[in-house]
Amino acid sequence: MAIIYKKTYKFAVKSALYITFFSTGLVGVLTYLFFTFSILFCLVFALSIGFFSFFVIQYRVERFIYQKVKKIYDDVSLLESSTFRNQPITTDMATLTLEVKKFATDKKLEIETLKVREEYRREFLGNVSHELKTPLFTVQGYLSTLLDGAMNDKTIRKKYLERAEKGVERLIYIVQDLDMITKLEIGDLNLEIAKFDIVKLIQNVFDLLEMKASKKDILLMFDMKYNKPIMVVGDQEKIQQVVMNLIVNSIKYGKLKGSTEVSIENLTDDKVIVRITDNGEGIEKRNIPRLFERFYRVDKSGARTEGGSGLGLSIVKHIIEAHNEKIYVNSKFGIGSEFSFTLEKASKSGK
């Protein structure tokens, strides 16, 4: 730490004035009682004692406080993350108090953040373990049954191998999603930014998910007829994954004979907002802040029977944020949910 410190003269000035006033008053009284009183003498004496007192007090106090304060700085700066390393040493007690208080507050916040992260890490590892354990045990169970003698029955062999294959596919799906989130978080997944028609993209997703929606008799539709293309800027493949994940989610938690409606609106001169609205079961308010966490499921029991990796919404959030855009959630339990996200208009982008 560089030996640079902020000086303060307030203490020395006040102390010197006190000594000066006292000494001058005392000399004035003594000269009046025992000698001839002289204002000039008192003035010269006051200036002399004042300057002398100031420099002595300033030097002594400064050295004393500096030694004590420097030890505090040295002790505190043992923490690598301390901001004290880049701060000049101050002998101003008020400034020092504020700095130490700020330091203590920052450290408390860091500790609280570390506790939250540790809790999140434990929960995340537990969720990963649970998500991987289910398909692994499923595959192991079917293969063990076949090895124990069921392999000789062609019908059972085919059925069990098909079920084991589905378990493996689910494992691959989870690992691929985890890999994508990791790449998005570290910025290792390059986005291929280009212009595309968001209306056509959503229609393509409708076509891909038509059969899935029909199983629950859910209607996929636009809120109105879009006669002209709406050109936006982004990674078309990744935005399609966003739309697909959100619509799959609305189907998964939608009610029988329900609907999923998509609208595209102008948000500003440079932005559009895509809204995906359903009339499904909705989300309780307490669950909304955690919706985009990895593996977080609103329905802890039934949701797993619907399949999926539990990473869909987390991927959605990371993709949208990678585009420097925003995603929003509005939901009422028992009524339905609306997920919306913004995209840049191509006409204003210059691309």
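Just how far, in whole angstrom, is the range 216-252 from the range 168-212 if you go by their alpha carbon centroids? About 12 Å separates the Cα centre of the range 168-212 from the one of the range 216-252.
Per-residue packing, averaged as other Cβ atoms within 10 Å, sorts the ranges 241-254, 201-214 into the order 241-254, 201-214, beginning with the highest. Separation of the alpha carbons by more than 19 angstrom is noted, of Lys10/Lys101; Lys200/Lys228; Lys215/Lys257; Lys216/Lys252; Lys285/Lys332, for Lys10/Lys101.
Read-outs throughout are calculated quantities, based only on the coordinates presented, and are distinct from any laboratory measurement. Please read all numbers here as calculations on a predicted model, not as lab measurements. Glycine also receives a Cβ, built like all others from the backbone with ideal geometry; neighbour counts cover every protein chain displayed.
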